[in-house]
Amino acid sequence: LAEQQLSIRMTGCPNGCARPYNSDIGLVGRSGEKYTLYVGGNYRGDRLSYELQDMLPKDQIVPTVKKLMGEFQKERQGNEGFGEYCTRKGREQLREVLGITGAKY
């Protein structure tokens, strides 16, 4: 995946100043050291992402993204980008991959 273009935007501002809502991976500070994880946007920034996990502890960001990237590497189709992969798989399937339980949506 070294050649894969990927946009990651992180902010503490819920107003979207850093445009986390349309990147491949977006992180928005929520409470202390917890973040909301968004996925499904794209490198160009012309597609909105969706909320995958709320109140994700800061120390779980890297392991969570690493797991998602591992699944992406195994399951991607052709030249599919990470955001396209997340959009194709959908929220529920990715939440299952991450072991997130509970019907928030």
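The values are calculated or read from the model by the stated rules, or taken from the named source; none is laboratory data. Small disclaimer: the values here were computed from a predicted structure and weren't measured. Don't worry about glycine lacking a Cβ; one is built from the backbone with ideal geometry, like all the others, and counts go over all protein chains shown. The protein model used for the area step is the full one, side chains on, heavy atoms only, and it has no ligands, DNA or RNA in it. Shrake-Rupley method; radii C 1.70, N 1.55, O 1.52, S 1.80 Å.
Kindly check whether there is at least one residue in the range 22-37 that is out of contact with any Lys or Arg (no Cβ under 7 Å at 6 or more places or on another chain), of a type in the set (Lys, Arg), modelled with pLDDT under 90 and surrounded by 14 or more Cβ atoms within 10 Å (Cβ to Cβ).
yes
Just the residues that are open to solvent by 60 Å² or more (accessible area, probe 1.4 Å), under 16 Å from residue 86 (Cα atoms) and either in contact with a Cys (Cβ under 9 Å, 6 or more places away or on another chain) or of a type in the set (S, T, N, Q) (or both), please, taken from the range 1-21.
First, pick out the residues of the range 1-21 that are open to solvent by 60 Å² or more (accessible area, probe 1.4 Å): 1-3, 5, 8, 10, 12, 14-15, 17, 19, 21.
From what is left, the residues that are under 16 Å from residue 86 (Cα atoms) are 1, 5, 8, 21.
Passing the criteria: only 5.
Here are some conditions: (1) within 15 Å of residue 8 (Cβ to Cβ); (2) in contact (Cβ under 8 Å) with a residue 24 or more places away in the chain; (3) surrounded by 15 or more Cβ atoms within 10 Å (Cβ to Cβ); (4) not aromatic (Phe, Trp, Tyr). Residue 87 meets all but one. Which one does it not meet?
Looking at each condition in turn, residue 87 falls short on (1).
Is it true that residue 62 is part of a helix (DSSP H, G or I), modelled with pLDDT of 95 or more and either open to solvent by 70 Å² or more (accessible area, probe 1.4 Å) or touching a helix residue (DSSP H, G or I) at 6+ places or on another chain (Cβ under 7 Å) (or both)?
Taking the combined requirement at face value, the residue satisfies it.
Only one of these is exposed (fewer than 15 other Cβ atoms within 10 Å of the Cβ) and at pLDDT below 95: 79, 42. Name it.
Only one candidate qualifies: 79.
So for the range 67-76 (the condition being more than 11 Å from the chain's Cα centre (by Cα), among the small types (Gly, Ala, Ser) and part of a helix (DSSP H, G or I)), does at least one residue qualify?
Taking every residue of the range 67-76 in turn, at least one turns out to be more than 11 Å from the chain's Cα centre (by Cα), among the small types (Gly, Ala, Ser) and part of a helix (DSSP H, G or I).
Restricting to the range 65-75, name every residue that is free of Cβ contacts under 8 Å to residues at least 24 places away in the same chain and open to solvent by less than 70 Å² (accessible area, probe 1.4 Å).
70, 75
Find the residue count for the range 90-101, including only residues that are in a helix (DSSP H, G or I) and either open to solvent by 70 Å² or more (accessible area, probe 1.4 Å) or charged (D, E, K, R) (or both). First the steps, then the outcome.
Let us first name the residues in the range 90-101 that are in a helix (DSSP H, G or I), namely 90-98.
With either open to solvent by 70 Å² or more (accessible area, probe 1.4 Å) or charged (D, E, K, R) (or both) added as a condition, the list becomes 91-93, 95-96.
Counting residues in the range 90-101 that are in a helix (DSSP H, G or I) and either open to solvent by 70 Å² or more (accessible area, probe 1.4 Å) or charged (D, E, K, R) (or both) gives 5.
How many of the residues in the range 1-28 are of a type in the set (Gly, Ala, Ser), in a loop (DSSP other than H, G, I, E, B) and free of Cβ contacts under 8 Å to residues at least 24 places away in the same chain? Explain how you work it out, then say what you get.
Initial filter on the range 1-28 (of a type in the set (Gly, Ala, Ser)): 2, 7, 12, 16, 18, 23, 26.
Next, from what is left, pick out any that are in a loop (DSSP other than H, G, I, E, B): 2, 7, 12, 16, 18, 23.
From the residues that got through so far, the ones that are free of Cβ contacts under 8 Å to residues at least 24 places away in the same chain too are 2, 12, 16, 18.
Number satisfying all stated conditions: 4.
For the range 29-59, enumerate the residues that are free of Cβ contacts under 8 Å to residues at least 40 places away in the same chain, on the phi > 0 side of the Ramachandran plot and part of a loop (DSSP other than H, G, I, E, B).
Of everything in the range 29-59, those that are free of Cβ contacts under 8 Å to residues at least 40 places away in the same chain, on the phi > 0 side of the Ramachandran plot and part of a loop (DSSP other than H, G, I, E, B) turn out to be 32, 45.
Among the residues of the range 2-12, is there at least one that is of a type in the set (Asp, Glu) and at pLDDT below 95?
Yes.
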